[in-house]
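The values are calculated or read from the model by the stated rules, or taken from the named source; none is laboratory data. None of these values were measured; they are calculated from a predicted model. Virtual Cβ from ideal backbone geometry, glycine too; neighbours counted across all protein chains shown. Protein only, heavy atoms only, side chains kept; ligands, DNA and RNA dropped before computing areas. Shrake-Rupley method; radii C 1.70, N 1.55, O 1.52, S 1.80 Å.
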Amino acid sequence: MAESSKPKAPGSTKRPQHPAYPSEREILIDRQLAEAMNSPGWRNLKGKGHKLDLDPPPGVPPDMVMANKIMEDANVQPSWLEDRTALLTKIQARREQWQRQFRQLDHSHPHAAQLRKAWTNQVHRDVEKLNREIRNLNLALPLWRLEVVPLRPEDEIAEASTTTSDD
């Protein structure tokens with residue numbers, strides 16, 4: 001068979017490479033790896049000397065394993081986890097606010113019952129708003145184990161009115 005008479009593209013001077021001899025590319029890669037291994041950063045790698053855990057975490061879908069690893073290495077949390085943390089912080093702050101407000105109620109005031117009823121109604125409204133946020137967050141969570149339990153106004157009122165704190 002005669003060789004094709006097609007003109008060769010510029011720069012296509014490839015010749016068959018014998019498997020026993022490294023290509024120029026392989027030589028370059030080996031040189032770069034050797035330089036990297038001799039650098040100070042290579043000597044102080046995170047987890048050096050520890051066994052690599054190559055098993056995927058249980059309960060994580062296979063398509064999310066790599067994404068989670070990249071985010072973990074970059075020290076970034078998923079937005080839904082940041083939202084969950086922010087909501088839990090908000091709930092705790094609101095509970096502390098209810099406790100302060102209850103302690104500030106003047107129980108000797110002639111209209112103490114009305115003041116307490118107004119405070120109770122405010123707690124109910126606050127709990128209703130927080131529960132809407134909890135519902136919205138729970139719909140976005142990929143893992144049911146991270147679900148935030150909705151608040152019960154009666155429990156929150158009882159907790160705020162019985163908790164004493166030395167502020």
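Structure notes:
- Taking the C-alpha atoms only, the angle from helix 112-140 to the longest principal axis of the chain is near 20 degrees.
- With DNA, RNA and ligands ignored, accessible area of LYS48 (1.4 Å probe; Å², nearest 10): 130 Å²
- Rounded accessible area of SER39 (nearest 10 Å², 1.4 Å probe): 40 Å²
- Among GLU24, GLU133, the order of accessible area from largest down is GLU24, GLU133, computed with a 1.4 Å probe on protein heavy atoms.
- Extreme residue, positive dipole direction of the stretch 31-167, given options TRP144, ALA67, PRO110 (C-beta unit charges): ALA67
- Ordering MET37, MET66 by accessible surface, largest first, gives MET66, MET37; the 1.4 Å probe counts only protein heavy atoms, with every chain in place.
- Size of electric dipole in the stretch 84-167: Cβ of Lys, Arg +1 and of Asp, Glu -1, about Cα centre, debye, nearest 20: 320 debye
- Positive-end extreme of charge dipole, the stretch 59-167 - chosen from ILE157, THR89, ILE134 (charges on Cβ): ILE157
- The charge dipole of the chain, taken about its Cα centre with unit charges on the Cβ of Lys, Arg, Asp and Glu (plus for the first two, minus for the last two), comes to roughly 500 debye.
- Accessible area in the full protein assembly, largest first, 1.4 Å probe, for HIS50, HIS107: HIS50, HIS107
- Between ARG152 and MET66, residue separation times 0.36 nm minus the direct Cα-Cα distance comes to 27.1 nm.
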